Every structure is written in structure tokens, then in C-alpha cells.
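The values are calculated or read from the model by the stated rules, or taken from the named source; none is laboratory data. On a predicted model such as this, the values are computed, not experimentally measured, just so you know. Using ideal geometry, Cβ is built from the backbone for each residue, glycine included, and neighbour counts are taken over all protein chains shown.
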Amino acid sequence: MKRPIQLLRRITATVDEVLPDTGLAFATDDDARLWGLTRSTPGAGLASLWPGLRVNLTVIEQFGFELISDYLPLDMARPEAGISA
């Protein structure tokens, strides 16, 4: 049986919401596609994410689906509480 083709690419997205109790986070890329991260997605961990943070997503294509294989926050400087950019 042949292995499916996996294409790797990197995209940049902005974290929209982090739900630590359920182990989920959601981010939107520059093409307005919504991506889901789970606590089992390899990367920095959901505790390192917050809304507005830009992340680099590594995406693979497998069996016609695009999946996140890992992620990396681009700016780890969390904004101070009460201060808006």
C-alpha cells in the first residue's frame, strides 16, 4: 500500500480563543481559514497561547485534509493586563 503524499508548508495565524479546560485553541490565518489546536498538537503548549498572539503553523496535507503538525508562537511577550496595543 502506498503512503499518502504529505506536503509541508508554514502559515501564520492569529489566536482567536484559548479554552484550556477543554484543551482547545482556535486561530485564523490571513486567508480567514479557522484552524483548531488541541492539547495533543505538538508545539509550545496551550498555556503559552493567548488571543491576539501570532503563531506559525506547520500544515501537512493527508488524504485530502490539511492538518496542523506543529505550531510555534512568533512573539512570546504577553501584553500587560489592562494595556491595549
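Structure summary
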quantity: Positions within region 6-15 being outside any loop (DSSP other than H, G, I, E, B) and either loosely packed, with under 14 Cβ neighbours inside 10 Å or basic (Lys, Arg) (or both), in sequence order; calculated: Leu8, Arg9, Arg10, Thr12
quantity: Those strands (runs of 3 or more DSSP E) lying entirely in region 21-85 with at least 1 residues of a type in the set (Gly, Ala, Ser) and either modelled with pLDDT of 95 or more or surrounded by 10 or more Cβ atoms within 10 Å (Cβ to Cβ) (or both); calculated: 24-29, 34-38, 65-73
quantity: Index of the failed condition, Val18 passing every other in (1) in contact with an Asp or Glu (Cβ under 7 Å, 6 or more places away or on another chain); (2) more than 14 Å from Asp70 (Cα to Cα); (3) surrounded by 16 or more Cβ atoms within 10 Å (Cβ to Cβ); calculated: (1)
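Conditions (1) more than 16 Å from Arg78 (Cβ to Cβ); (2) of a type in the set (Gly, Ala, Ser); (3) more than 9 Å from the chain's Cα centre (by Cα), marked per residue:
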{"site": "Thr14", "(1), (2), (3)": "no, no, no"}
{"site": "Leu19", "(1), (2), (3)": "yes, no, yes"}
{"site": "Thr22", "(1), (2), (3)": "yes, no, yes"}
{"site": "Thr28", "(1), (2), (3)": "yes, no, no"}
{"site": "Asp31", "(1), (2), (3)": "yes, no, yes"}
{"site": "Leu34", "(1), (2), (3)": "yes, no, yes"}
{"site": "Ala44", "(1), (2), (3)": "no, yes, yes"}
{"site": "Ser48", "(1), (2), (3)": "no, yes, yes"}
{"site": "Arg54", "(1), (2), (3)": "no, no, no"}
